[in-house]
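Working notes, beginning with the structure itself.
What follows draws every value from the coordinates through simple rules; no lab data is involved. Not measured: the values here are computed from a predicted model. For neighbour counting, all protein chains shown are included, and Cβ atoms are generated from backbone atoms with ideal geometry for every residue, glycine included.
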Amino acid sequence: MAVRYLEENRTFVLHTKHSTYQMKVSDYDYLLHLYYGERIEDKDLSYLIKPQDRGFSPNPNEAGNDRTFSLDVFPQEFSSDGCCDFRKSSIEVKNGDGSYAFMGKVIKHKIYKGKYALEGLPALFPVEGDTVDTLEIWLQDLVTKVTVVLCYSVFEEKDIITRAVKVINQGEKTMYLNRIMSVMIDYMESAFDFIHFDGRHAMERKLTRTPVSYGVQGIGSTRGASSHQHNPFVILCDHEANEDYGDCYGFSLVYSGNFRCEVEKDQFDQTRILFGINPKGFSYQLKPGEQFTAPEVVLAYSDKGFSKLSHLYHDVYRSNLCRSPYTKMLRPIVINSWEATYFDFDDEKLLNIAKESVDMGVELFVLDDGWFGKRDNDNSGLGDWKVNTNKLRYGLTDFVNRINQLGLRFGLWIEPEMVSEDSDLYRAHPDWCLSINGRPVTRGRNQLVLDLSRRDVCDYIINSINEVIESANIEYIKWDMNRNITEAWSYVTEPEKQGEIYHRYILGLYYILDHIVLTHPDVLFVGCAGGGGRFDPGMLYYHPQIWCSDNTDAVNRLDIQYGTSFVYPISCIESHVSVCPNHQTGRTVPIETRGVVAMDGILGYELDATKLTDEEKATCRSQVKEYLKYYSLIADGDYYRLTSPYDDTRYVAWQHVSKDKKESLVSFVLTDKEFNEPQIYLKVKGLQATTLYEIEGEKGLYSGKILMKAGIPVPVIGQYESVQYHLIAKEE
Ligand code: DGJ
């Protein structure tokens, strides 16, 4: 068993292959956190806690005159609130008597084989060959009987621990849950850096690294989506940690809505990290007997820097997160109509683009926004999921048939969570959107958000979208979401429960996805929220790939894809070659480099194929060929970031290595050309040191060690030009 309870010293130990996690039931039954890090033996580590009388750190009543026992000082696993601990807390409850107090004591625990279940929420699932063991620790406030169940599942071989929390009101009075963090860890030290991935629309997931310092540092989203601005993934690591070296702890929240991560360095140089649903705008009513389930956090520990941490997440997310059969399949090469036509198209124009794209090696044509309702711009039509016959004259089914006749599969864009005020849906049901009765609505992209906390609204979406999907031979759906939530208020909810709407929206979204995505396993669903505004594990549970960003500029994409790769597998990142000058930045980058960058993900195209020269089309054709040749390396291999966009290098390089280390693809883009520049030697990673490799197309064999230590001399190339090396093992 990967989970053990050591009865003699009341210690819980979780072991993965390379990590250990330890907790202890202390005097008076509080649960202390003792260790998380490199795998160690089953030794009780409570010797690390040296009780002292600490001024102004209170002592629980049971401790009597013992002034050395303080929950304000001891490292805890799930903090109390309102009593004894002044640090940021795991929970905040408003009890039936109006008090804000919670003191959880261990009342029981359970250890069992398999994974815990989280009702209505996406979570990792075991697959064949996995050993998964689960520990549940039940804490109870003995006065109010509010009970918290801490859930831990250990994916031993995959070096992953998942955590989640359930709160049950076992008392006799209605209470409110105002804050519940899915994970809390108290480290007994503070020599950490805090890494998170922030950004903005069309420039997502830029890496930010700051030393942990006194007080509270935090990131999060209050936008009703995980957001472009912050991603629900963070790392705590040694100050010296880099790609290959150092202790790193990853925290990845499987949730698509408001979230909050806080890191607090306390008065005694200890570090507390908390991660869960954002308490802002959250207040959940629990009547006696009712339960709340908080989303899962996936924890990984690496003793060898960020590359190893990324490999752990990539492996587990590829195999244990996404439900789509496409996760393990070669994805089709798509051409998307958005940057080619925006809203200005008819069937003829689209068919011409599709026809031209066949020659480029494209396999699937995606019709983006504008095909339905009254949708000639983004001011109207959302909610009316009926084909616009001014544009597709003979209807959707006929149009799809004609695409199929060209030898192409067909994909369609939808934005089911939204409604335009200028739509039949809004005219019929003005109360179906999130807005506060009597208060003017806030618009975003001139649209409103449907109230997914309502089952009738969810069912309308399920029926209307399923009808569209089943009306034609649709094999790909791009699921978009183009504004954030404001006025999270529902017309059908009592005032005391309006604090539940943000979370109930996400539960409604997952319910809809269960009934649309999971009931169409043959359709490839692709996530999107104005690009990467909801690039999170919750959405990856449904969508095996996500449109990474609305920014298709290859040079900006280097940064965006770099940040994304820290936790999300490359096979989840949809990336397209678009035209130059680029529509977002005006930059011109050679089409070859645009292909190299798009290949650092799921390659596709987003341009008007009728406007390409024969030469450009030939380049696309060979890009597709190359990409298909490297597909399994890219989709299933180990990923190495060879440079960081934040380093003082004039280039960006990355590498895919097959799991057996017999093959590798190295990609290099020159981002800052200088005249008469120094020679660049590209030192690769992840090869077998003693194996001899051929660099395809070049003479000679080089050992893995030589390629990793001496490197490959990169030829002189121009600004934004690129080089790829295919390394093939020849001799052991
Ligand atoms: C935002 C998406 O990210 C784009 O690719 C495109 O689908 C537009 N929405 C359409 O409105």
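Below are the figures for this structure:
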{"quantity": "Inter-label distance for N446 and V492, nm, one decimal - labels placed 7 Å from Cα along Cα-to-Cβ", "calculated": "3.0"}
{"quantity": "Order of L396, L299, L701 under a 10 Å beta carbon neighbour criterion, fewest first", "calculated": "L701, L396, L299"}
{"quantity": "Compactness of the chain as Cα Rg over 2.2 N^0.38 Å, two decimals", "calculated": "0.99"}
{"quantity": "Nearby lysines by direct alpha-carbon distance to K24 (threshold 17 angstrom, same-chain neighbours under 8 apart not counted)", "calculated": "K43, K50, K105, K108, K110"}
{"quantity": "Euclidean distance between Cα centres, region 153-216 to region 545-566, Å", "calculated": "25"}
{"quantity": "Sequence of W413, W138, W371 once ranked by neighbouring C-beta atoms within 10 Å, starting from the fewest", "calculated": "W138, W413, W371"}
{"quantity": "Qualifying aspartates and glutamates (Cα of each under 17 Å from Cα of K88; at least 8 residues distant if same chain)", "calculated": "D72, E77, D186, E189, E262, E264, D266, D269"}
{"quantity": "Bins of 10 Å from zero: percent of alpha-carbon pairs in region 369-435", "calculated": "21, 44, 25, 9, 1"}
{"quantity": "Total formal charge among the other residues, if their Cβ is under 10 angstrom from that of S658, Lys/Arg +1 and Asp/Glu -1", "calculated": "-1"}
{"quantity": "Whole-number D in µm²/s for region 539-697 (Stokes-Einstein; Kirkwood sum over Cα pairs; 37 °C, 0.692 mPa s)", "calculated": "197"}
{"quantity": "Charge sum, other residues only, whose C-beta stays under 10 Å from T690's C-beta, Lys/Arg counted +1 and Asp/Glu -1", "calculated": "-1"}
{"quantity": "Largest-first principal axis extents, alpha carbons of region 520-623, Å", "calculated": "41, 30, 21"}
{"quantity": "Label-point separation in nm, S99 to R621, each point 7 Å along Cα→Cβ", "calculated": "7.8"}
{"quantity": "Packing-based order for 503-512, 141-150, using average beta carbon neighbours within 10 Å, highest first", "calculated": "503-512, 141-150"}
{"quantity": "Cα gyration tensor, region 289-422 - rounded (a/c under 1.5), prolate or oblate", "calculated": "oblate"}
{"quantity": "Convex hull volume per residue for region 372-495, taking Cα atoms only, in Å³", "calculated": "103"}
{"quantity": "Net lengthening on full extension, Y646/K673 (0.36 nm per residue, minus Cα-Cα)", "calculated": "8.1 nm"}
{"quantity": "Violating pairs (Cα-Cα greater than 28 angstrom) within the set K158/K685; K625/K699; K611/K685; K166/K308", "calculated": "K611/K685; K166/K308"}
{"quantity": "Cα lying deepest toward the dipole's positive end in the chain, options I414, S89, H109, charges on Cβ", "calculated": "H109"}
{"quantity": "Kirkwood-based Rg to Rh ratio, region 596-678, C-alpha trace", "calculated": "1.04"}
{"quantity": "The chain - percent relative contact order, Cα under 8 Å, separation 6 or more", "calculated": "10"}
{"quantity": "Relative contact order for region 141-239, counting Cα pairs under 8 Å that sit 6 or more residues apart, in percent", "calculated": "22"}
{"quantity": "Global geometry of region 32-130, whether rounded, prolate or oblate, following the gyration tensor of its Cα atoms and the 1.5 cut on a/c", "calculated": "oblate"}
{"quantity": "Exposure proxy ranking, count of Cβ atoms within 10 Å, fewest first, for R443, R205", "calculated": "R443, R205"}
{"quantity": "Per residue convex hull volume, Cα atoms of region 596-639, in Å³", "calculated": "62"}
{"quantity": "Qualifying aspartates and glutamates (Cα of each under 19 Å from Cα of K730; at least 8 residues distant if same chain)", "calculated": "D660, E663, E694, E696, E698"}
